[in-house]
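Inspection log for the structure reproduced underneath, given as structure tokens.
The values are calculated or read from the model by the stated rules, or taken from the named source; none is laboratory data. Bear in mind the structure is a predicted one, so any value in this text is a computation, not a measurement. With ideal geometry, Cβ positions are generated from the backbone for all residues, glycine too; neighbour counts draw on all protein chains shown. Keep in mind that these areas ignore ligands, DNA and RNA; they rest on the heavy atoms of the full protein, side chains included. Shrake-Rupley method; radii C 1.70, N 1.55, O 1.52, S 1.80 Å.
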Amino acid sequence: MQELMNMIHRMIIESLGLEDHYDSHMNSLAYSIRFSNYYKDTLDGRINLALPSHKDPNYISIICPHNVEGLEVKAVDGQWMQTIPMTNSFTVLVGEAFKAWTNGRLYAPTHRVKLNSGIEKRYAVVFSTIPNITNDIICAPKELIDEQHPLLFKPFKYYDYVKFRFSDEGERVDDALKTYCGV
Ligand SMILES: O=C(O)CCC(=O)C(=O)O
Ligand SMILES: [Fe+2]
């Protein structure tokens, strides 16, 4: 998984012409893995939202849903799209750290998990890249900032942002990243 993740980071960095930043970026990464277990809300059969709408704060999430549908992703035009699980494939989502680091070149979509009728349970494994705790400043490379692309987010410490993001205020606002460090 780590090799796949590193390949995705390399593809993004190369596609943006940021090869000079490759080593420092890769050295600033840490990896995490999470196992999620979703149940249908049995108190109210009509509510089938297993994971409410959110954006991931990290760089990249690779999701393995074990062939069970349910992950919905909001497109730029606001439409919810269902992801279709495929055998031997993963879903890759961009998070807010990469959106900020790429000065908005990458889109960090809102997403949610719904358990549709007939699905009582869903397991997912989520493998993520996050900044290393000792090196967590997110600062867009100068190559991605110019007149057409003014700086969108002031440099920030990732773990301070995560604290804000999961605070009452961070949960309340529509765009926590913009509220926290938007220019
Ligand atoms: O289970 C999924 O498909 C997505 C999980 C997710 O979005 C998350 O854990 O942040
Ligand atoms: Fe997520």
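For the range 83-127, the set of residues classified as closer than 23 Å to LYS154 by Cα, touching a strand residue (DSSP E or B) at 6+ places or on another chain (Cβ under 7 Å) and open to solvent by 70 Å² or more (accessible area, probe 1.4 Å) consists of TYR107 only. Test THR102 against the criterion of being free of Cβ contacts under 8 Å to residues at least 40 places away in the same chain and closer than 28 Å to LEU16 by Cβ, and give yes or no. Taking the combined requirement at face value, the residue does not satisfy it. Residues being in a helix (DSSP H, G or I), closer than 17 Å to LEU51 by Cα and open to solvent by 10 Å² or more (accessible area, probe 1.4 Å) are represented in the range 144-165 by at least one member. The numbered conditions (1) modelled with pLDDT under 95; (2) assigned to a strand (DSSP E or B); (3) surrounded by fewer than 14 Cβ atoms within 10 Å (Cβ to Cβ); (4) among the hydroxyl-bearing types (Ser, Thr, Tyr) are all true for SER32 except (1). Any residue at all in the range 54-62 that's open to solvent by 50 Å² or more (accessible area, probe 1.4 Å), touching a helix residue (DSSP H, G or I) at 6+ places or on another chain (Cβ under 6 Å) and not β-branched (Val, Ile, Thr)? Within the range 54-62 (the criterion being open to solvent by 50 Å² or more (accessible area, probe 1.4 Å), touching a helix residue (DSSP H, G or I) at 6+ places or on another chain (Cβ under 6 Å) and not β-branched (Val, Ile, Thr)), the answer is no, since none of the residues qualifies.
Inspection of the range 45-52 finds no residue satisfying the criterion of being without any contact (Cβ under 8 Å) to a residue 40 or more places away in the chain, closer than 19 Å to GLU96 by Cβ and buried (at least 17 other Cβ atoms within 10 Å of the Cβ). So in the range 94-153, with the set limited to residues that are away from ligand 2 (no atom under 14 Å from the Cβ) and among the small types (Gly, Ala, Ser), which one is farthest from GLU69 (Cα to Cα)? That would be ALA140. Here the condition is being away from ligand 2 (no atom under 16 Å from the Cβ) and either of a type in the set (Lys, Arg) or open to solvent by 40 Å² or more (accessible area, probe 1.4 Å) (or both); of LYS74, LYS40, it holds for LYS40 alone.
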